[in-house]
Every structure is written in structure tokens, then in C-alpha cells.
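Engineer: Let me begin by handing over the structure; questions about it come next.
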Amino acid sequence: MTAQQPLHPVLPITPAELRQALAGSTELAVVDVRDPGVQARDGYILRSVNLALSTLELNLVRLLPRRAVPIVVVDGGDGALAKRAAAALAGFGYTQVRILAGGTAAWQREGGELFTGTSALSKGFGEFVELHYSTPHISAEQLHERLEAGEDLLVVDGRTLSEFEAFSIPGAYAIPNGELLHRLPALLPSPTTTVVVNCAGRTRSIIGAQTLINAGLPNPVVALENGTMDWLKAGFSLQHGVLNAAPAPGPEALGAAVEAAERLRRRFDLALIDSDTLARYQAEAEARALYLLDVRTSQEYRQGHLPGAQWAEAGQLVQGVDQHVGIQHARIVLIDDEHALRAAVAGSWLAQLGWGEVSILPLATAQSLVRGAPQPPLPGAVPQVPLVTAQDLAPALRAGEATLLDLADSPRYEAGHIPGAWFAVRAKLLDRAASLPGSGPLILTSPDGVLARYAVAELAPVLRRPLKALAEGTAGWVAAGLPLDTGPSHLWDDTDDVPRSPYHTGGDRLAAFKAYLDWEVGLVEQIQRDGTVGFFTHAPAA
């Protein structure tokens, strides 16, 4: 962390004071700075978001765009990570930073709930939706029996296309939840065809099915209970490597979808704004936090998006709002094409989740767009540190003349890393500086090299050995045509930095499925005990 010295003192806040702040309606950010895997395992405050110290600079401005917002920094309780993160935030110009005294341990001692797993708020909301709306469902056994009997059913998978391609129910169509309104109707042979929405577990099955019901689809709609987890538990097979994506709709289906989107916007009080309103929001962004979230597909985003807009696929946004919006009660503008179908879907759920003030901006042809992949903003200039090229590093590694640490998260490290590189967690480097592997020059790499440069600048003052970052990171190594190794070799730190899906457990997968489903179903009761959040309900459409 290479921020300037803090200009404002970092003061503590007690659990009771934090609970009182959470009961208010003004902007607030509660950030947990542990690595997400540790947070998911050990438990976190429901309305906190993850801003891991290990990757703080990469996510800071994206999650916390307003530097005067009140921020509460949280760790597990010893205060070490929280103090480092709070100092970095203050140094980057955040002026209202406080530390939760005693961290999550104190919160729990004083009667607060701790939530494990990932995105408990969003997934608990999915369970609330099923209870509130009485979302109909079908079991895996019932679905299999009806498919075998040739009944008039259409199975659609509401996950992302890449998730579908990894595994899916045979015969299902890939329609991410955000795309359901306009891609589904063209596939339906009749108004009596039963639509079954599935995902890997529960949340997206429920949200997808209830989206269609809320939008007024005349067909019978059900959610597959417990998704492909129960499908596998029942002994049925999945297909792999298939991408059965639904086609774009024709004019008739599009017209019906536009009407359905209008019904959603009216029912859930979603305002359509124009460029002038957006300009006013942007002018007020220092007083009221503003998030511009482009909910179209990744391809559409890359072809042209508004400056400053971040990509947040519509079907995924409700599943993990905490991964995109770090400040509660902020303004959230959902950007879509001129029909705003996906924004209506995502907005209808965000309005009920109650995380912020939601409005919709349809893109106009006159708006100036920029092309390219998402580029999260950084809090300042990337530190200028000594660099080594891939071409120079390769012979040094072969000769044992340098030691390489890879700061990628553990799944990415396992998927592909430079031969001989050690997996290391960035937040632990300072505490373990004296025992880092090797004795000669130390090289740090990360996926694109940016995080490695921040880490070099932070580590250099305490390390008594030559220290450099790999120019352009591991991507530069690959671009140079050099090979990668795979698998969990050379682990300097534990691979508990990120949570692992029950589908990727190394033990009894069916037992992991049961534990996950029990956890998710139990979230509603735990959220009620927690008492820091209330979801919003809307009357049925007239």
C-alpha cells in the first residue's frame, strides 16, 4: 500500500454503535478486510462487504467510489489487518474511517450474528423470496419422470453461459436470469408449456422462476428444488461441454418482453432516467455515492459502454450485490440497451433487496461510449518499482538465481502459474518477510502485474534482499510464449484465501451439497435473528 500518510485519525467504533449506524438510512460502508475464504469460513457481519487487504487497491475505488463516505473496517478481532487497511484507506483520501473494536469476535460476543459462506445477504434474500411469493417448485425426481414421459416441459438454466457449459441438465437451454424476459418466449411452443428454471443450487432457480411469474408470463413456471445438486443426489447425469444458448428474440417476442419489463418497472417503482439526470447524479457524486452498473452481456459492454460504468451481468447482480456495491443507501444506476429488459429484471430485485436507490438508464445513440474490457479504477498511480521482464526472469529461475512469488488467488494459481513459482497471500507478506523462501533476489508476480507492483512497494522497506515485480505479470510471461505449470505445487501459504464451491470439494461431494443446502435454507431464520436488514415487499400487479 503506497498511499500518502493519513490526514485524519482512525477511531474505533463499538458493536453497539455499529448496530445503531446500520439501523439508519444514510450511506455507510462496512468492509471486511480478511481474505474472502477466511471470512466465509470464520463468519462475517451480514451487511459487510469483502474488501480484502490482499487485493485492496484493485477493488477499493470500484466498491467505495465516494471518499467521504463513513467506513467501518472489520477483521476477525485481533485488529492487525483492520489497522493496516484503515491506514491505507485514510492514506488514499478516505476521510471517515473507523475500526470495529474487537472485530467480528466482539460483534458475536455482544449478541450479533456471524454468517458463513458467500453472499449470505443475497442468498438469504432468495430464500425470503420463495417464502414470501410461495414460488412453486418441482423435485429432481418429478422433473426426471415428466421429461422421460415426454410431457410438455421446457427446462432453462439461469446461470451464466460459462457455468452452463461446464455442466447442465440434458436438453436444457442456457438463458441467464437477466435474459429470461426476452429470450424465453420465442422457445415456448404454447402458453401451456411448463417452464422449469434451474441453477446449481437454489437462489437463481427461485429468482429466475419468480421473475417470470412477476412479469406475468402466462405459462406455468416452477423452480427446480435444489437445482443440479439434487439432480445429482437423485442419481441423474449431467451433460458437459454443451452450450445450448437460446437465440435472440424476433420482433413479436421482443414486443411482449418490453410490455413485461414495463409491468416490472411500474410494480417495483423503478424510475427511467435520461442523460441529464445522470449528469446531475455525477455532479453530486461527492455528496451521494453513485454506481454505474452496465447489466448487458460482456460482449455488448466491450463493444461500447459509458465512461466509468462497470460491468455487472444482470442475472448475477442480485446473486452477489455485495461484490459490486460497497456503500449501502447509495444511488445505483442500471445501464441497458434501449429496451431496458435486463435492467428491469435486475432492478425489480434490487428494489426489494433494499441495498440502494435504483434507477434505470437506457443507452441512447447520441451518448459517447468507450470500447474495451472492464478496467476497475485504481486509487492512484501504480507504484514505480524495479521490474524484470519475462525473458530475463526465465533463465534466472532455471538457474536457481531468483525466487518467484505468485500473488494470484489460489484457484487461478492452480489453473496456471510460472514453473517454480510459490503461491503466496499478499496480506501475509509483511508479517512473514523474514521467512520468505529463497535467499537471493525475490520476484513478485500477479495476473497482470499491477498487484505485484503494489506489493513490492509495500514490502521493499522491510526486506533486506533485491526485490522486483515481473513486468506485465503472469500475462506477460504467457505473451512471451513461455510455459505454465498447473496444480497446487509450491504452496507458501494455505489455499484458504477464497471459498470453494461444493462442486469442487475434495471430499464427499454429496455431503457437501447437503451442508450447503442446509446452510442456505437456514439463512432466513438467521437473518431474522440478526435484525439488521429488512427486505421490501410490493403488492401484486394490478
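The values are calculated or read from the model by the stated rules, or taken from the named source; none is laboratory data. As the structure is a prediction and not an experimental result, all values here were calculated from the model. Because the Cβ atoms are built from the backbone with ideal geometry, glycine has one as well, and the counts that use them run over all protein chains shown.
Engineer: Starting from region 392-418, take each residue that is under 18 Å from Pro499 (Cβ atoms) and list its partners that are of a type in the set (D, E, K, R) and surrounded by 17 or more Cβ atoms within 10 Å (Cβ to Cβ), counting only C-beta distances under 7 angstrom and pairs at least six apart or across chains.
Structural biologist: Pairs found: Asp409/Asp497; Ser410/Asp497; Tyr413/Asp406.
Engineer: Now for a different question. Before we move on, is Thr486 at pLDDT 95 or above, assigned by TED's automatic domain parsing to the domain that holds Ala402 and touching a His at 6+ places or on another chain (Cβ under 8 Å)?
Structural biologist: Taking the combined requirement at face value, the residue does not satisfy it.
Engineer: What is the number of the single condition among (1) farther than 12 Å from Pro383 by Cβ; (2) in the same structural domain as Ala408 (by TED's automatic domain parsing) that Leu459 does not meet?
Structural biologist: Going through (1) farther than 12 Å from Pro383 by Cβ; (2) in the same structural domain as Ala408 (by TED's automatic domain parsing) one by one, Leu459 breaks only (1).
Engineer: Output the residues belonging to region 495-523 that are of a type in the set (A, V, I, L, M), surrounded by 15 or more Cβ atoms within 10 Å (Cβ to Cβ) and either at pLDDT below 95 or more than 13 Å from Leu121 (Cα to Cα) (or both).
Structural biologist: Val498, Ala512, Leu517, listed by residue number.
Engineer: Mind checking which residues of region 4-23 are under 23 Å from Pro65 (Cβ atoms) and modelled with pLDDT of 95 or more?
Structural biologist: Within region 4-23, Ile13, Leu18, Ala21, Leu22 qualify.
Engineer: Working only within region 430-482, note down all residues that are hydroxyl-bearing (Ser, Thr, Tyr) and touching a residue at least 24 places away in the same chain (Cβ under 8 Å).
Structural biologist: Matches in region 430-482: Ser439, Thr445, Ser446, Tyr454, Thr474.
Engineer: Are any residues in region 245-271 of a type outside the set (Gly, Ala, Ser), more than 25 Å from the chain's Cα centre (by Cα) and outside any helix (DSSP H, G or I), and if so, which ones? Spell out the reasoning first.
Structural biologist: Let us first name the residues in region 245-271 that are of a type outside the set (Gly, Ala, Ser), namely 247, 249, 251-252, 254, 258-259, 262-270.
Subsequent filtering for residues that are more than 25 Å from the chain's Cα centre (by Cα) retains 247, 249, 251-252, 254, 258-259, 262-263, 266-267, 269.
Of everything in region 245-271, those that are of a type outside the set (Gly, Ala, Ser), more than 25 Å from the chain's Cα centre (by Cα) and outside any helix (DSSP H, G or I) turn out to be Pro247, Pro249, Asp269.
Engineer: Here's another thing I want to ask about it. Tell me yes or no: at least one residue of region 233-246 is more than 20 Å from Leu153 (Cβ to Cβ), modelled with pLDDT under 95 and of a type in the set (Gly, Ala, Ser).
Structural biologist: Here is the first cut: in region 233-246, the ones more than 20 Å from Leu153 (Cβ to Cβ) are 233, 240-241, 243.
In the following step, the residues that additionally are modelled with pLDDT under 95 were identified as 243.
Subset that is of a type in the set (Gly, Ala, Ser): none.
No.
Engineer: Can we say Ser25 is under 19 Å from Leu121 (Cα atoms), among the polar types (S, T, N, Q) and buried (at least 21 other Cβ atoms within 10 Å of the Cβ)?
Structural biologist: no
Engineer: Okay, next question. Has region 224-240 got any residue that is buried (at least 17 other Cβ atoms within 10 Å of the Cβ), in contact (Cβ under 8 Å) with a residue 60 or more places away in the chain and part of a loop (DSSP other than H, G, I, E, B)? Walk me through how you get there before you give the answer.
Structural biologist: Taking region 224-240 first, the residues buried (at least 17 other Cβ atoms within 10 Å of the Cβ) are 224-232.
Restricting the remaining residues to those that are in contact (Cβ under 8 Å) with a residue 60 or more places away in the chain gives 224-226, 228-232.
This time we only want the ones that are part of a loop (DSSP other than H, G, I, E, B), so: 225-226.
Yes: region 224-240 contains one or more residues that are buried (at least 17 other Cβ atoms within 10 Å of the Cβ), in contact (Cβ under 8 Å) with a residue 60 or more places away in the chain and part of a loop (DSSP other than H, G, I, E, B).
Engineer: Of the conditions (1) of a type in the set (S, T, N, Q); (2) touching an Asp or Glu at 6+ places or on another chain (Cβ under 8 Å); (3) crowded, with 16+ Cβ neighbours inside 10 Å, Thr192 clears all except one; give me its number.
Structural biologist: (3)
Engineer: Out of the residues in region 439-475 that are within 26 Å of the chain's Cα centre (by Cα) and polar (S, T, N, Q), state the one that is farthest from Ala52 (Cα to Cα).
Structural biologist: Among those residues, the one meeting the criterion is Thr474.
Engineer: For region 417-441: of the residues being in contact with a Leu (Cβ under 6 Å, 6 or more places away or on another chain) and in a helix (DSSP H, G or I), which is farthest from Gly37 (Cα to Cα)?
Structural biologist: Restricting to residues being in contact with a Leu (Cβ under 6 Å, 6 or more places away or on another chain) and in a helix (DSSP H, G or I), the top hit is Ala433.
Engineer: Next up: Conditions first: (1) in the same structural domain as Val73 (by TED's automatic domain parsing); (2) farther than 30 Å from Glu17 by Cα. Ala105 passes all but one, so which condition is the exception?
Structural biologist: For Ala105, the failing item is (2).
Engineer: Now a separate question. (1) out of contact with any Ser or Thr (no Cβ under 6 Å at 6 or more places or on another chain); (2) surrounded by 16 or more Cβ atoms within 10 Å (Cβ to Cβ): which one isn't true of Leu264, the others all being true?
Structural biologist: In the conditions (1) out of contact with any Ser or Thr (no Cβ under 6 Å at 6 or more places or on another chain); (2) surrounded by 16 or more Cβ atoms within 10 Å (Cβ to Cβ), Leu264 misses (1) alone.
Engineer: For region 293-315, how many residues are farther than 16 Å from Leu63 by Cβ and buried (at least 17 other Cβ atoms within 10 Å of the Cβ)? Before the answer, list the steps.
Structural biologist: Restricting attention to region 293-315, the residues satisfying the condition of being farther than 16 Å from Leu63 by Cβ are 294-307, 313-315.
Of the ones still in play, those that are also buried (at least 17 other Cβ atoms within 10 Å of the Cβ) are 294-297, 301, 305-306, 313-315.
Matching residues across region 293-315 total 10.
Engineer: Moving on. Could you check region 282-292 and list, in sequence order, the residues that are surrounded by 18 or more Cβ atoms within 10 Å (Cβ to Cβ) and either in contact with a Phe, Trp or Tyr (Cβ under 8 Å, 6 or more places away or on another chain) or part of a helix (DSSP H, G or I) (or both)?
Structural biologist: Going through region 282-292, the residues surrounded by 18 or more Cβ atoms within 10 Å (Cβ to Cβ) turn out to be 289-292.
Of everything in region 282-292, just one residue is surrounded by 18 or more Cβ atoms within 10 Å (Cβ to Cβ) and either in contact with a Phe, Trp or Tyr (Cβ under 8 Å, 6 or more places away or on another chain) or part of a helix (DSSP H, G or I) (or both), namely Leu290.
Engineer: With the condition kept exactly as written, say whether any residue in region 211-218 is part of a loop (DSSP other than H, G, I, E, B), in contact with a His (Cβ under 9 Å, 6 or more places away or on another chain) and not polar (S, T, N, Q). First the steps, then the outcome.
Structural biologist: Residues of region 211-218 part of a loop (DSSP other than H, G, I, E, B): 215-218.
Still in the running and in contact with a His (Cβ under 9 Å, 6 or more places away or on another chain): none.
No; the residues of region 211-218 include none that is part of a loop (DSSP other than H, G, I, E, B), in contact with a His (Cβ under 9 Å, 6 or more places away or on another chain) and not polar (S, T, N, Q).
Engineer: Continuing with the same structure: Going through Gly326, Gly320 one at a time, which residue ends up being in a loop (DSSP other than H, G, I, E, B), over 16 Å from Arg265 (Cα atoms) and not β-branched (Val, Ile, Thr)? Spell out the reasoning first.
Structural biologist: Numbers: Gly320 fails: in a loop (DSSP other than H, G, I, E, B).
The match here is Gly326.
Engineer: Please work out which residue is surrounded by the most Cβ atoms within 10 Å (Cβ to Cβ), limiting yourself to region 37-57 and to residues that are over 14 Å from the mean Cα position of the chain (by Cα) and hydrophobic (A, V, I, L, M, F, W, C).
Structural biologist: Ile45
Engineer: Which condition breaks for Asp78 when tested against (1) under 22 Å from the mean Cα position of the chain (by Cα); (2) charged (D, E, K, R); (3) under 30 Å from Val456 (Cβ atoms)?
Structural biologist: The number of the failed condition is (1).
Engineer: Among the listed residues Ala408, Ala402, Ala433, identify the single one that is in contact with a Ser or Thr (Cβ under 7 Å, 6 or more places away or on another chain) and among the aliphatic types (A, V, I, L, M). Even if it seems obvious, please write down each step before you answer.
Structural biologist: Values: Ala402 fails: in contact with a Ser or Thr (Cβ under 7 Å, 6 or more places away or on another chain); Ala433 fails: in contact with a Ser or Thr (Cβ under 7 Å, 6 or more places away or on another chain).
Residue meeting the stated conditions: Ala408.
Engineer: While we're on this one: Would you check if Val345 is β-branched (Val, Ile, Thr) and over 20 Å from Glu27 (Cβ atoms)? Spell out the reasoning first.
Structural biologist: Working: β-branched (Val, Ile, Thr): yes; over 20 Å from Glu27 (Cβ atoms): yes.
Judged against the criteria, Val345 is a match.
Engineer: On to the next question. Taking into account only those residues within region 367-381 that are among the aliphatic types (A, V, I, L, M) and either assigned to a strand (DSSP E or B) or without any contact (Cβ under 8 Å) to a residue 60 or more places away in the chain (or both), which is surrounded by the fewest Cβ atoms within 10 Å (Cβ to Cβ)?
Structural biologist: So the first thing to find is which residues in region 367-381 are among the aliphatic types (A, V, I, L, M), and the list is 369-370, 373, 378, 381.
Add one more test, that the residue is either assigned to a strand (DSSP E or B) or without any contact (Cβ under 8 Å) to a residue 60 or more places away in the chain (or both), and what stays is 370, 381.
Working: Val370: 11, Ala381: 7.
Among them, the one singled out is Ala381.
Engineer: With the checklist (1) touching a helix residue (DSSP H, G or I) at 6+ places or on another chain (Cβ under 9 Å); (2) of a type in the set (Gly, Ala, Ser); (3) closer than 28 Å to Leu523 by Cα in hand, flag the one item Ser134 doesn't pass.
Structural biologist: Just one mismatch for Ser134, condition (1).
Engineer: Name every residue in region 382-402 that is among the hydroxyl-bearing types (Ser, Thr, Tyr) and crowded, with 20+ Cβ neighbours inside 10 Å, in order of residue number. Give the steps one after another, and end with the answer.
Structural biologist: First, pick out the residues of region 382-402 that are among the hydroxyl-bearing types (Ser, Thr, Tyr): 389.
Hits for region 382-402: nothing passes.
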